[in-house]
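Written out below as structure tokens is the structure these notes cover.
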Amino acid sequence: MLRNAFLPALLAACGLALPASAQVDFDVISFGKIQVDDNTLGLSSGWLILVNTGSVPLSLLDWQKALHYAEFSTPVGGFDLKPVFSGPTTLAPGEAIGAYDPALANLIEIGESFTMAASTQFHLSGPWPAGTTQNIRWKFEFAGREVSGVTEVEFTSAPIGYGITGVRTSSTPVASPAVTNLPINCTGQLTVKPLGLASPYRIAPSSNLPVIGNLCFALDVRVNNVPFIVGVDLAPGNTTFAGCDLKLALSPNLRSFAGVGIAQRLAIPNNAALIGQHVWLQAAGLSGGGVSTLTNGLEIVLGPKP
């Protein structure tokens, strides 16, 4: 017991400390309420401040790829809420970055440094229900953690400002990653992306989070601009095919569909029975009558709407 207590006491006496384990953590300062002027045709604005409350730097290049979801409570002509990147490439512990608005900036704590730059982008265009109050449900998943909230939107002909109130929310660990990359030894690339819908719509055109009812969920398929087939399986595999690692089990549940171009919509039905379902995906490029390459695999866990 004395031996175990001696080293920390000696280090403390010398002004030193034992190394702490690296911790990823962040807060989001978002609007609790905004006002939209009914006399305008639309607006484009920053939406939140990202604060690094952990002990390791955060990659802002990765932040712009964060899985995200937003849904307006009523149809509008145009709506978009997504993470973006501008300015420094990393966010050090104790640093904050995002849109300057008094409602947001007032929640930055003493000792935290702030950089005004783009961290998220909010777009809204008419028509919208003038003279009503609606809300936006939103969620971001980033670096193994998640944060979500609800923002009230008041449409009014006599606004007193834009940002009315702000809310600071701490991230929590993600119970299960929504999308997991499964690398292979071939050059094809498969990622998730948003693919917007024609207006008016209720679902955010920027959502790439695999939740039920997300009609904007899509795949980004990179196989040297050749036609491809996407395989969807309910079981994983670990074999070799066409000189590449095959991440699908080729089980009786395997389904496939053909595609061309890059973006491939994969709308998720609004079926609660799908919540918690694991799905494995992989694409194969087709050239010269055969498979030219495979992409990496993706393991996707379907979740509920925020």
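Can you name the condition, by its number, that I212 falls short on among (1) over 19 Å from A66 (Cα atoms); (2) surrounded by fewer than 20 Cβ atoms within 10 Å (Cβ to Cβ); (3) aliphatic (A, V, I, L, M)?
For I212, the failing item is (1).
Residues to consider are V153, V192, V147, V167; find the one that is in contact with a strand residue (DSSP E or B) (Cβ under 9 Å, 6 or more places away or on another chain), over 29 Å from G32 (Cβ atoms), surrounded by 16 or more Cβ atoms within 10 Å (Cβ to Cβ) and at pLDDT 95 or above. Quick ask: steps written out before the conclusion?
Values: V153 fails: over 29 Å from G32 (Cβ atoms); V147 fails: over 29 Å from G32 (Cβ atoms); V167 fails: over 29 Å from G32 (Cβ atoms).
It is V192.
Which of the numbered conditions does G261 fail, given that it passes all the others? Conditions: (1) out of contact with any Leu (no Cβ under 6 Å at 6 or more places or on another chain); (2) more than 27 Å from W63 (Cα to Cα).
G261 satisfies every listed condition except (2).
Only one residue in D220, D245 is modelled with pLDDT under 95, more than 26 Å from K33 (Cα to Cα), among the charged types (D, E, K, R) and surrounded by fewer than 21 Cβ atoms within 10 Å (Cβ to Cβ). Which one? It would help to see each step written out before you state the result.
Working: D220 fails: modelled with pLDDT under 95.
Matching residue, one of D220, D245: D245.
Residues in the range 83-139 that are assigned to a strand (DSSP E or B) and either modelled with pLDDT under 95 or of a type outside the set (D, E) (or both): how many?
Taking the range 83-139 and keeping what is assigned to a strand (DSSP E or B), we get 83, 90-91, 95-98, 113-116, 120-125, 133-139.
From the residues that got through so far, the ones that are either modelled with pLDDT under 95 or of a type outside the set (D, E) (or both) too are 83, 90-91, 96-98, 113-116, 120-125, 133-139.
Total satisfying the criteria: 23.
Select from the range 170-183 the residues that are hydroxyl-bearing (S, T, Y) and surrounded by fewer than 13 Cβ atoms within 10 Å (Cβ to Cβ) and write down the one among them that is nearest to L48 (Cα to Cα).
Initial filter on the range 170-183 (hydroxyl-bearing (S, T, Y)): 170-172, 176, 180.
Those still in the list that are surrounded by fewer than 13 Cβ atoms within 10 Å (Cβ to Cβ) too: 170, 172, 176.
Working: S170: 13, T172: 17, S176: 25 Å.
Here the answer is S170.
Tell me which of these I203 doesn't satisfy, since it passes every other one: (1) assigned by TED's automatic domain parsing to the domain that holds L43; (2) crowded, with 19+ Cβ neighbours inside 10 Å; (3) of a type outside the set (S, T, Y); (4) farther than 30 Å from G237 by Cβ.
It fails just one condition, (1).
Test F79 against the criterion of being assigned to a strand (DSSP E or B), under 23 Å from S206 (Cα atoms), at pLDDT 95 or above and in the same structural domain as D38 (by TED's automatic domain parsing), and give yes or no.
no
Do we have N185 as part of a loop (DSSP other than H, G, I, E, B) and in contact with a Cys (Cβ under 9 Å, 6 or more places away or on another chain) here? Explain how you work it out, then say what you get.
Values: part of a loop (DSSP other than H, G, I, E, B): yes; in contact with a Cys (Cβ under 9 Å, 6 or more places away or on another chain): yes.
So N185 passes the test.
Got a number for residues in the range 264-286 being surrounded by 14 or more Cβ atoms within 10 Å (Cβ to Cβ) and out of contact with any Leu (no Cβ under 9 Å at 6 or more places or on another chain)?
Qualifying residue count for the region: 1.
The values are calculated or read from the model by the stated rules, or taken from the named source; none is laboratory data. Quantities reported herein were computed from a predicted structural model and do not represent experimental measurements. We place every Cβ from the backbone using ideal geometry, glycine too, and count neighbours over all the protein chains shown.
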